[in-house]
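Quick notes on the structure that follows.
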Amino acid sequence: MRAMRLVLIAAAAASLPAWAQVQVKSAWVRGTVGAQTTTSAYMEISSAQAATLVGAESAAAGMAEVHEMRMDKNVMSMRATPRLELPAGKTVDLKPGGYHVMLMDLKKPLNKGDSVPLKLRIENKDKTVSTVEVTAEVRDAAGAARAAHQH
Ligand SMILES: [Cu+2]
């Protein structure tokens with residue numbers, strides 16, 4: 001009986017890789033208009049343990065970066081955020097007007113209903129980096145012009 005119990009515990013631990021600590025919900029990407037080759041991805045990220053988002057990539061884009069958008073003297077500006085802290089048990093919102101994953105050099109236009117694969121690089125507390133795969137749904141481009149990016 002005792003041996004059996006130990007085996008069960010070991011199996012449970014083995015099936016829980018580090019990335020299971022990070023959950024991503026409601027991932028979406030703003031659709032593109034015309035020849036636009038950049039857009040943004042948004043999502044809600046929560047991590048059971050303190051972790052850090054240290055990068056992103058997407059098969060749909062030549063390059064992806066985590067950015068923060070902010071108002072600076074009435075001008076919207078963006079800056080790269082190489083390290084975005086994910087506090088334990090809290091949800092970090094990547095949303096229009098704030099943090100986002102910038103997708104650059106898009107390989108093709110993104111239309112409503114398409115899905116975009118994303119990979120998030122998460123640095124765990126022990127400094128190991130794991131990858132979380134996310135599928136983001138493309139939503140309407142409405143409002144894209146207003147949110148035009150200025151770097
Ligand atoms: Cu950006």
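Values computed for the structure shown
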quantity	calculated
Point-to-point label distance, LYS112-ASP93, nm (Cα→Cβ direction, 7 Å offset)	2.3
Extension reserve of the LYS119-THR131 stretch, reckoned as 0.36 nm per residue once the Cα distance is removed	3.7 nm
Packing-based order for 130-141, 98-109, using average beta carbon neighbours within 10 Å, highest first	98-109, 130-141
Theoretical gain in end-to-end length, GLU85 to ARG70 [0.36 nm per residue, Cα-Cα removed]	3.7 nm
Lysines with Cα under 16 Å of LYS25, excluding same-chain neighbours fewer than 8 positions away	LYS90, LYS95, LYS119
Heavy atoms of SER40: accessible area, 1.4 Å probe, square angstrom to 10	0
Protein accessible area in segment 14-84, 1.4 Å probe - carbon and sulfur %	53
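The values are calculated or read from the model by the stated rules, or taken from the named source; none is laboratory data. All values derive from a computational prediction rather than experimental measurement. Positions of Cβ are generated from backbone atoms using ideal geometry, with glycine treated the same way; all protein chains shown enter the neighbour counts. Just so you know, the surface numbers come from the protein's heavy atoms only, side chains and all, with ligands and any DNA or RNA stripped out. Shrake-Rupley method; radii C 1.70, N 1.55, O 1.52, S 1.80 Å.
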